[in-house]
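What follows is a single structure, written as structure tokens, with notes after it.
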Amino acid sequence: MKLASLKTGGRDGALVVVNRDLSLCQRVHGIADTLQQALDDWDECEPGLRQVYDSLNDRSSTHALPFDQKACHSPLPRAYQWADGSAYINHVELVRKARGAELPPELYLDPLMYQGGSDGFIGPYGQIVASDAWGIDFEGEVGVVTGDVPMGATPAECAACIRLIMLVNDVSLRGLIPAELAKGFGFFQSKPASAFSPVAVTPDELGEAWRDNKVHLPLRVRLNDKPFGAPNAGVDMTFDFAQLIAHAAKTRDLEAGTIIGSGTISNKQGGLWGSNIENGGVGYCCLAELRMYETIEQGQPTTPFMTYGDRVRIEMLDESGATIFGSIENEVAQERKGSKSV
């Protein structure tokens with residue numbers, strides 16, 4: 001099943017069920033007005049939503065409307081909680097080396113995670129509004145949306161709480177990170193609003209690609225219309241989503257609608273320049289990794305961070321080449337007072 005939130009529904013969007021090929025959608029007033037409402041009462045709402053989904057796919061729905069990705073908020077325009085892990089150790093190692101930080105000894109035993117701002121997200125086609133002096137970077141990820149998760153839940157119990165899967169652009173301001181972390185109190189200014197794919201899907205929608213609580217498909221990233229990366233999200237993921245959720249729930253309950261991110265998808269690759277798409281590698285899901293490889297090879301990075309007018313596109317395709325979640329397409333715009341990007 002595929003779900004989205006239209007901007008016409010106000011601040012929390014209007015919930016729609018979307019058909020498999022993302023061509024049609026239907027409002028579901030009688031079931032739930034918003035995705036958060038559906039998540040709050042998932043056991044009651046899910047059967048009705050599936051009936052609508054089936055009718056859209058077999059073209060029997062009499063209330064179907066054309067679906068436009070650009071008319072969407074992120075599936076949850078705002079959420080009770082957004083916590084982003086760092087499940088791909090290759091990414092952690094490279095980025096920490098880039099800023100001269102030591103690797104924690106528990107790196108392979110205990111997930112890294114930060115709590116991001118969730119009072120509002122960039123829309124899937126919204127702008128990244130920031131100063132290009134701050135080192136603007138994109139981070140292509142997969143995220144899950146949970147139902148209610150009790151404090152202390154085991155990974156097996158957490159796996160049963162995964163309701164939806166979506167894509168993420170976790171925007172990072174690399175130039176602000178070192179000084180902010182040096183204060184010893186975590187990310188804040190260096191992690192502005194993130195963006196999510198127009199469509200969120202239930203795990204069963206991915207078929208065999210969803211196994212071991214991971215998505216076993218490449219995440220495709222394009223920068224200014226050129227291929228930048230396509231690492232497989234199911235490869236080199238040290239902590240799966242059930243483990244990440246359990247980590248977040250160790251000391252607190254997680255309310256329905258909590259979003260947990262995988263962290264930047266990163267595959268270990270033989271050689272250095274061979275990692276580039278141009279040289280036959282799978283590439284990267286953020287600029288920081290490429291810049292680190294350049295530093296290793298040349299002594300300094302040569303690829304700049306994003307500047308005004310730069311565009312990033314993040315998407316995942318099924319085995320037939322069809323888009324699953326729709327695409328995130330964010331363009332960098334100059335910082336201005338009072339700006340708000342949706």
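The values are calculated or read from the model by the stated rules, or taken from the named source; none is laboratory data. Source: prediction; values computed, not measured. Counting neighbours? That spans all protein chains shown, and the Cβs are built from the backbone with ideal geometry, glycine included. Each accessible area value is taken on the protein alone, full model and side chains, heavy atoms only, with ligands, DNA and RNA left out. Shrake-Rupley method; radii C 1.70, N 1.55, O 1.52, S 1.80 Å.
All of (1) buried (at least 24 other Cβ atoms within 10 Å of the Cβ); (2) touching a Gly at 6+ places or on another chain (Cβ under 8 Å) hold for Ala133 with one exception: (1).
Annotation: of all residues in the range 248-272 being surrounded by 18 or more Cβ atoms within 10 Å (Cβ to Cβ) and closer than 19 Å to Arg96 by Cβ, the one that is farthest from the chain's Cα centre (by Cα) is Gln269.
Set side by side, the residues Gly147, Gly120 differ, and just one is out of contact with any helix residue (DSSP H, G or I) (no Cβ under 8 Å at 6 or more places or on another chain) and over 30 Å from Gln300 (Cβ atoms), which is Gly120. Of all the criteria given as (1) modelled with pLDDT under 95; (2) out of contact with any strand residue (DSSP E or B) (no Cβ under 8 Å at 6 or more places or on another chain); (3) not aliphatic (A, V, I, L, M), the one not satisfied by Asp41 is (1). Consider Ala101 carefully, then state whether it is under 25 Å from Thr302 (Cβ atoms), part of a loop (DSSP other than H, G, I, E, B) and open to solvent by 20 Å² or more (accessible area, probe 1.4 Å). Yes. Against the list (1) open to solvent by 10 Å² or more (accessible area, probe 1.4 Å); (2) of a type in the set (A, V, I, L, M); (3) at pLDDT 95 or above, the condition Ala83 fails is (1). Does the range 84-93 contain any residue that is farther than 29 Å from Ala160 by Cα and out of contact with any helix residue (DSSP H, G or I) (no Cβ under 8 Å at 6 or more places or on another chain)? Yes, the conditions are met somewhere in the range 84-93. Would you call Arg252 assigned to a loop (DSSP other than H, G, I, E, B) and of a type in the set (D, E, K, R)? Judged against the criteria, Arg252 is a match.
If you go through the range 157-187 and keep only what is in a loop (DSSP other than H, G, I, E, B) and without any contact (Cβ under 8 Å) to a residue 12 or more places away in the chain, you end up with Ala160, Lys183, Gly184, Phe185.
For the range 190-208, does any single residue satisfy the condition of being assigned to a loop (DSSP other than H, G, I, E, B), within 21 Å of Gly234 (Cα to Cα) and open to solvent by 60 Å² or more (accessible area, probe 1.4 Å)?
No: the range 190-208 contains no residue that is assigned to a loop (DSSP other than H, G, I, E, B), within 21 Å of Gly234 (Cα to Cα) and open to solvent by 60 Å² or more (accessible area, probe 1.4 Å).
Within the range 285-317, the only residue that satisfies the criterion of being open to solvent by less than 10 Å² (accessible area, probe 1.4 Å) and more than 22 Å from the chain's Cα centre (by Cα) is Glu294.
Just one residue in the set Arg59, Arg78 is part of a loop (DSSP other than H, G, I, E, B), open to solvent by 20 Å² or more (accessible area, probe 1.4 Å) and touching a residue at least 40 places away in the same chain (Cβ under 8 Å); that residue is Arg78.
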